[in-house]
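Read through the structure below, which is laid out as C-alpha cells, and then see the notes.
All of the numbers you see were taken from the coordinates with simple rules; none came from a lab. Bear in mind the structure is a predicted one, so any value in this text is a computation, not a measurement. Cβ: placed from backbone, ideal geometry, glycine included. Neighbour counts: every protein chain shown.
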Amino acid sequence: MIMKKIFGFILAMMLFASCQEVAEFKDVIYFTGTEESPRITFTIEEPRDMGITITATNKVETDTRVLLEVGDQSMLDAYNAKTGKKYVMPPAGSFNLDKNETVIKAGNYVSESVRFGVTSLDEFVEGTNYCVPLVITGTDGDMPILESSKVMYVVINRTIISKAVDLHGRCGFNVPLFMTDPRVSALDQATMEIRVRVNSFPSANANPGISSLMGIEETFLFRFGDISIEKNQLQLAPAVINGKKYFTTGETRYTTGKWHQVVCVYDGSSVAIYVDGKLDVKFGAGPGTINLNTDYFDGFWFGQSCGGRYLDGAISEARFWTRALTMNEIQDNACYVDPKTPGLLAYWRFNAVQEDGRVLDETGNGFDAIPHGSYTWIENVKCPY
C-alpha cells in the first residue's frame, strides 16, 4: 500500500512537472500522508499519541537524518487566511513531539516514527478548532524537501459523547416561534443542519413514503423520500423563494443505522446539499427571500410534517442559520458550535429536555422545540462517528 501511494505521488509530480515544462524530475522527501492534502485529522476521546513519519520518493542510499519542529500560531494564521479555516494552537503544555529528528535508514523509503501526542484535554474549549503545524526544517540527505509538504497541519478532532433522541416514527418536535418571529419572515440566505441516524425507511411502494427531518411543509422542508424519488434519497422540498418552488434532490442513497451530518444551504442564488462535510448537489435557485412565518400544519417541525410523515430515526443535534454557511464552516463545526456565533438563530442539542419536555434553543433566542408523541434516549452517541 505504501509503495502504491509513493508511485502514485511520483506520477502526479511528474505530470505536474511536464505541465510546467520542468526539465528534470527530482526525488524529494515529505510528510507521510500529505500526498493529497497537508492537513491530517487526529481524532481522540482522551489523551493519546500517534506516529509521524517522513517518506522519500525513492530509496535513500545512506542513512538520512530529517529535522522537525512544532510551528506556531503565526503559521496557522497564514494557513487560515489561505484556506478560510479558523484553527488555533492547543493550550500550552497540552501536546508534545517526543523528538525533533528522525532517520530514513539506507535502502528504505520511510523514516522511523516520531510520536506526536495530546497529553491533556483539561483546558480544551468545546467548539474550538485546534491544530498543530509540524515542520520539516532540514535534512542531511541528497533529496530536497517538497515545499508543498514541508508543513503538516495536525487537526485535533476531539470526540464529543452525548445522548440523542430516538423518534421511532411516532414523535415530532414542534418549534412554534417560527410561525410569528419577524427574523424568519424574509430570509435572503439560510442554512439548516441536522445530525441524523435512520432506523428504517418506508417500503419502496409506500405513498408518499416521506421521512421528515426538519423544516416546514410546502415552504422549506428537509426530508427523505417521496413518490418521485427513492425513499432513502434526501430532498429539500421545496424551498419557496419569492413564491416560486425550488426542489433540490441529493445524489446520495442512505443506509440505516449510520449517523450522518446533512446540511442544506440557500445563498441567495442557489441551494446546495452537503453530506458529512462534502458537497452532494447544488442547483440554481432565487434570487429572493424565504418566509417561514406560516402556520401550515403548525409550522416548523423535527421528525414530522403534514400531521404525519414521521421519521423512524434519531436526532442528536440541529441548527438553523440566517446566513449561508461555507463548506469550511460545515466541516469544522460538525459536532459543536458556539451558540453565540454570528448568524446562528437556533441551536438544538437533543441530549436533554426540560421538566416540561422542551428541548432548549441553546442560543437563547427562544426557538425551543416541544415534543408531540413518545420517544426514547440513545446513550453514548459519539461525534465524529
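Remarks
- Residue pairs, from the table Lys163/Lys282; Lys231/Lys258; Lys282/Lys340, whose Cα atoms sit over 20 Å apart: Lys163/Lys282; Lys282/Lys340
- Cα-based helix-to-principal-axis angle, 2-19 vs the chain, degrees rounded to 10: 90 degrees
- Top of Gly357, Gly277, Gly268 by mean-square fluctuation, Gaussian network on the chain, Cα under 10 Å: Gly357
- Proximal charge balance of Pro208 [Cβ under 14 Å; K/R count +1, D/E count -1]: -1
- Residue-wise HN-Hα couplings along the stretch 250-255, as the Karplus relation 6.51 cos²θ - 1.76 cosθ + 1.60 with θ = phi - 60° gives them from phi, are x, 8, 5, 9, 9, 10 Hz; Gly and Pro carry x.
- Rounded, prolate or oblate (a/c below 1.5 giving rounded, otherwise prolate when a/b exceeds b/c) for the stretch 161-383 by Cα gyration tensor: rounded
- Taking one quarter of the surface of the convex hull spanned by the alpha-carbon atoms of the chain gives a direction-averaged projected area of 21.8 nm².
- Using the Cβ of Asp140 as centre and a radius below 12 Å, the other residues enclosed give a net charge of -2, where K and R count +1 and D and E count -1.
- The GluC sites (Glu not before Pro) of the stretch 87-131 that meet both conditions, a loop assignment by DSSP and at most 13 other Cβ atoms within 10 Å of the site Cβ, are Glu123, Glu126.
- Tilt relative to the chain, helix 73-83 - C-alpha long axis, 0 to 90 degrees, to 10: 60 degrees
- The stretch 364-376 - phi-based ³J(HN,Hα) in whole Hz, Karplus 6.51/-1.76/1.60, Gly and Pro as x: x, 7, x, 8, 6, 9, 10, x, 10, x, 9, 9, 10
- Radius 13 Å from Cβ of Met75, net charge of other residues (Lys, Arg +1; Asp, Glu -1): +1
- Of the trypsin sites (Lys or Arg not before Pro) in the stretch 24-83, those whose Cβ has at most 15 other Cβ within 10 Å and which sit in DSSP loop: Lys26, Lys59
- Coil-residue trypsin sites (Lys or Arg not before Pro) of the stretch 317-385, DSSP, other Cβ within 10 Å capped at 16: Lys340, Arg358
- When only alpha carbons are used to place a centre, the stretch 334-385 and the stretch 66-111 end up 36 Å from one another.
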